[in-house]
Amino acid sequence: MKVFKAFLSVLFLLAALPTVFGASTTSDYQKSFDFSQLHTFTFKTDRASNDPLATNTIQAQRIQAALSNQFQANGFTLSEDNPDFIIAFYARTREKTQVNSFGYGPGFGWGYGIPFRGRWRWGYGPDIWTTTYTEGCVMADIIDAKTQELVWRGMVRDEVDGIGQSEKEANNAAKDLVKRFLKDVKKVEKQKG
């Protein structure tokens with residue numbers, strides 16, 4: 001029984017790791033594109049009417065400033081006149097529900113219990129609970145200014161806590177996206193080199 005409980009504890013910890021470490025960053029890119037030609041950038045500022053950032057200009061400015069700061073900190077230059085690439089970014093939030101369960105322990109509640117005595121249950125059973133949270137997603141596109149082709153797309157998803165932390169969340173998202181972009185650029189250079 002002790003081995004079973006230890007096994008369940010380890011399983012629970014492994015299941016909880018993704019939520020503990022937070023943001024998940026994914027990307028896709030053109031493997032044949034020469035990223036070494038990218039030095040200067042600008043932002044795509046026109047937005048569709050159904051884009052949430054079209055009406056939430058505060059959040060749009062936070063994300064743009066965070067991305068600009070991160071790219072400039074990594075050697076790229078903001079240039080409105082003759083950019084090598086254009087950064088387009090989007091943000092969304094949605095409510096998510098996570099179902100968790102843990103072990104097999106004492107409890108009571110509605111369910112199967114003593115045979116033929118209704119459905120009320122006393123005794124042992126799994127602990128199951130749900131958590132509702134808001135997931136935020138920031139997506140950035142890198143577009144070649146000469147050809148207007150998408151050459152890189154990155155997306156970061158994380159749990160968000162509301163307006164008070166949105167600047168911190170925008171900075172973290174921008175940092176994760178630029179870090180992933182630079183990692184992908186190194187992959188392409190390594191494959192070509």
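On the full set of protein chains, 1.4 Å probe, figure out the accessible area of TYR29 and give it in Å² to the nearest 10.
30 Å²
Any chance you could run the full-extension gain for ALA23 through ALA88? It's 0.36 nm times the residue separation minus the Cα-Cα distance, nm to one decimal.
Stretched fully, the ALA23-ALA88 segment lengthens by 21.4 nm.
Please give the net charge around LYS187, taking every other residue with its beta carbon less than 14 angstrom from that of LYS187, where Lys and Arg add +1 and Asp and Glu add -1.
For residues surrounding LYS187, the net value is +3.
Tell me, what is the 1.4 Å probe accessible area of LYS168, in Å² to the nearest 10?
My reading of the accessible area for LYS168 is about 130 Å².
Go through LYS96/LYS192; LYS96/LYS146; LYS146/LYS192; LYS168/LYS190; LYS146/LYS190; LYS96/LYS186 and tell me which ones have a Cα-Cα distance over 31 Å in this structure.
Listed pairs above 31 Å: LYS96/LYS192; LYS96/LYS146; LYS168/LYS190; LYS96/LYS186.
5 Å is the cut-off here: which amide hydrogens, built 1.01 Å from N in the peptide plane, fall below it relative to GLU159, excluding neighbours closer than 5 in sequence?
Counting only residues 5 or more places away or on other chains, the set is GLY136.
The values are calculated or read from the model by the stated rules, or taken from the named source; none is laboratory data. Keep in mind the model is a prediction, meaning the values are calculated, not measured. Ideal geometry is used to build each Cβ from the backbone, glycine not excepted, and the neighbour counts take in all protein chains shown. Heads up: the accessible areas ignore ligands, DNA and RNA and are worked out on the full protein's heavy atoms, side chains in. Shrake-Rupley method; radii C 1.70, N 1.55, O 1.52, S 1.80 Å.
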